[in-house]
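Here the structure is laid out as structure tokens; the discussion comes afterwards.
Every read-out reported here was derived from the displayed coordinates using simple, explicitly stated rules and does not represent laboratory data. This is a predicted model, so every value here is computed, not measured. Glycine also receives a Cβ, built like all others from the backbone with ideal geometry; neighbour counts cover every protein chain displayed.
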Amino acid sequence: MKLCIMQPYFFPYLGYFDLLNNVDLFLVYDIVQYNKQGWINRNRVLHPNKIGWQYITIPVDKTSFHSSYRTPISDIRVSITKPWKQHILGQLTHYEKNAPHAIETINFVADCLAINETSLSRLNVHLLKKCAKLLDLDFRYLFCSELDVELDKTQNSEHRVLELCEFLRTDEYVNLPGGVNLYHPEVFRSRNIKLTFRNLPMLLYQTQNYDFESHLSIIDVLMWNEPTEIKKHLDKYRGKG
């Protein structure tokens, strides 16, 4: 079985969906500490001034943080006091005059957000499911926080990932390029697990009067590309790496 273990990102970039397209199971790594500087409750889309990008953000409920501030992602709650869904949709309206698929993409995002879910982790997985379905990707997942497994928290991240791989009887662990300095092929090989890093070649597309920005949210990719074309790009490199 091919496995990836990833934190649940908010409308992530295309390389994240390349992972989904190359594994049998996605383990939602929601037991690790929430990092407000990461991609759990924010991502990037093009800026309305046509240069650079802007953040789209889910505000989090500060009362969900533990007193130590070492709060796992699974415990983070979404703020219900701010109209953040309407704000995000408003941030996307500038695409309407320029991007060929703006209307359907904004409607898609609105449909994705039309759910009353206060768990940030579960909300992000809901969004991933919706995106995977749109892109015709098989998305099988489990929440790490729901596994009946005790991890040795005194060990480093590589050891914990190996424990999870063995618990789920994994043959191959698939990760993004950012894990190159964290995980070592020889260590995984000693446990009879193949280690693979995915580095999806960039999908280049015209953005009319905007400067093209790479590694933006899947929302931006959908603004300019048909889902079938995105899937074709993902499938072109499936199994390669």
Worksheet item: Past the 27 Å Cα-Cα mark, which pairs from Lys36/Lys194; Lys129/Lys240; Lys36/Lys97; Lys129/Lys232?
Response: Lys36/Lys194; Lys36/Lys97
Worksheet item: Which log10 I(q)/I(0) values, to two decimals, does region 57-113 give at q = 0.14, 0.27 Å⁻¹ under the Debye formula with one point per Cα?
Response: -0.53, -1.04
Discussion item. Based only on other Cβ atoms within 10 Å, what is the fewest-to-most ordering of Lys153, Lys129?
Written reply: Lys153, Lys129
Worksheet, complete the sentence: Any residue on another chain or 5+ positions along whose placed amide H is under 5 Å from the amide H of Asp61 is listed here as Arg77, Val78, Ser79
Item to complete: Find which of Ser157, Ser145, Ser119 sits farthest along the positive direction of the dipole of region 111-166, computed with +1 on the beta-carbon of Lys and Arg, -1 on that of Asp and Glu, about the Cα centre.
Response: Ser119
Worksheet item: Which value, in nm² and rounded to one decimal, describes the direction-averaged projected area of the C-alpha convex hull of region 85-190?
Response: 9.9 nm²
Fill in: Rel. contact order, % - alpha carbon contacts under 8 angstrom, at least six apart, the chain
31 percent
Worksheet item: Over all distinct Cα pairs, what is the inverse of the mean 1/r for the chain, reported as the Kirkwood hydrodynamic radius in Å?
Response: 18.9 Å
Worksheet, complete the sentence: Between the Cα axis of helix 120-134 and the main Cα principal axis of the chain, the angle (0 to 90°, nearest 10) is 70 degrees
Response to the item:
With -39,500 (n - 2.57) per DSSP H segment of 4 or more residues and division by the full residue count of the chain, the 222 nm estimate, nearest 500 deg cm²/dmol, is -9000 deg cm²/dmol
